[in-house]
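Accompanying notes for the structure given below.
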Amino acid sequence: MTILIEELKKEHSEIVAALNEVKKLGILSKEGQDKFTSVQTSLRVHLEKEDDQLYPILRKQAEHNKDLKNTLDLFEMDMENVSTIVREFFDKYSEEFSGEELPEDFENLFAALSKRISNEEASLYEEYEYMNK
C-alpha cells in the first residue's frame, strides 16, 4: 500500500472514531460538541490532502481512462452533495450547537461522511493503488 493511501485510511479511521465518540457522548453535550469541534479541523486537513495529493493524480490518469473519468465525475457530484450537507450543518449551527433538530442533523452529517469515506476507500483508493503498482 502506498504511503499516501495508508495516511488517508488512517485519517479516515480517526475521523470515523471521533464521530462515533461524538455520537456516544451526544451532540447536545458539551463534551460531544468539543469533540466535534476538534473533528472539524481534522476533516478540513484531510480534505485538503486529498485535493492536493490524490485527486490531481487520478484526474491526470482519467484523461486516458474513460471508466476512471466516469467514476471521478460521480464522486465530484457526490462530494457536492456531501459538501452541501456539511456546509448547511455548519451554517445552521455556527453560533451554537443547540435545538431539537441538532441530533437528527448530526446523524445526517455522520451518515453522509461515513458513506463517502467507505466509497472512497472501495473505489478511488483502490484505483490509486492499482496505478502505483
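The values are calculated or read from the model by the stated rules, or taken from the named source; none is laboratory data. Small disclaimer: the values here were computed from a predicted structure and weren't measured. Using ideal geometry, Cβ is built from the backbone for each residue, glycine included, and neighbour counts are taken over all protein chains shown. Please note that ligands, DNA and RNA were not included when accessible areas were found on the heavy atoms of the full protein model with its side chains. Shrake-Rupley method; radii C 1.70, N 1.55, O 1.52, S 1.80 Å.
Out of all the residues in the range 46-67, which are of a type in the set (S, T, N, Q) and more than 20 Å from the chain's Cα centre (by Cα)? Residues satisfying the conditions are GLN61, ASN65. The C-beta contact set for the range 66-87 (first residue in contact (Cβ under 8 Å) with a residue 24 or more places away in the chain and under 16 Å from ARG44 (Cβ atoms), second residue in a helix (DSSP H, G or I) and open to solvent by less than 60 Å² (accessible area, probe 1.4 Å), distance under 6 angstrom, 6+ apart or interchain) comprises VAL82/ALA112; VAL82/ARG116; ILE85/LEU109; ILE85/ALA112.
Each row is one residue, and each column tells you yes or no for (1) among the acidic types (Asp, Glu); (2) closer than 30 Å to GLU129 by Cβ; (3) open to solvent by 40 Å² or more (accessible area, probe 1.4 Å); (4) within 13 Å of the chain's Cα centre (by Cα).
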site: SER38; (1), (2), (3), (4): no, yes, yes, no
site: ARG44; (1), (2), (3), (4): no, yes, yes, yes
site: ILE85; (1), (2), (3), (4): no, yes, yes, yes
site: PHE89; (1), (2), (3), (4): no, no, no, no
site: LEU102; (1), (2), (3), (4): no, no, no, no
site: ASP105; (1), (2), (3), (4): yes, no, no, no
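If you filter the range 51-83 down to residues that are open to solvent by less than 100 Å² (accessible area, probe 1.4 Å) and either β-branched (Val, Ile, Thr) or assigned to a loop (DSSP other than H, G, I, E, B) (or both), you find that the one that is nearest to TYR128 (Cα to Cα) is ILE57. Given the residues GLU120, GLU96, which is the only one that is in a helix (DSSP H, G or I) and either under 21 Å from MET77 (Cβ atoms) or at pLDDT below 95 (or both)? None of the other options fit; the residue is GLU120.
Can you spot a residue in the range 25-34 that is among the acidic types (Asp, Glu), out of contact with any Lys or Arg (no Cβ under 9 Å at 6 or more places or on another chain) and within 20 Å of SER98 (Cα to Cα)?
yes
ASP34: in a helix (DSSP H, G or I), at pLDDT below 95 and under 30 Å from ASN132 (Cα atoms), yes or no? Before the answer, list the steps.
Numbers: in a helix (DSSP H, G or I): yes; at pLDDT below 95: yes; under 30 Å from ASN132 (Cα atoms): no.
For ASP34, the condition - in a helix (DSSP H, G or I), at pLDDT below 95 and under 30 Å from ASN132 (Cα atoms) - is not met.
The set of residues in the range 18-36 being among the aliphatic types (A, V, I, L, M) and either open to solvent by 30 Å² or more (accessible area, probe 1.4 Å) or within 12 Å of the chain's Cα centre (by Cα) (or both) consists of LEU19, LEU25, LEU28.
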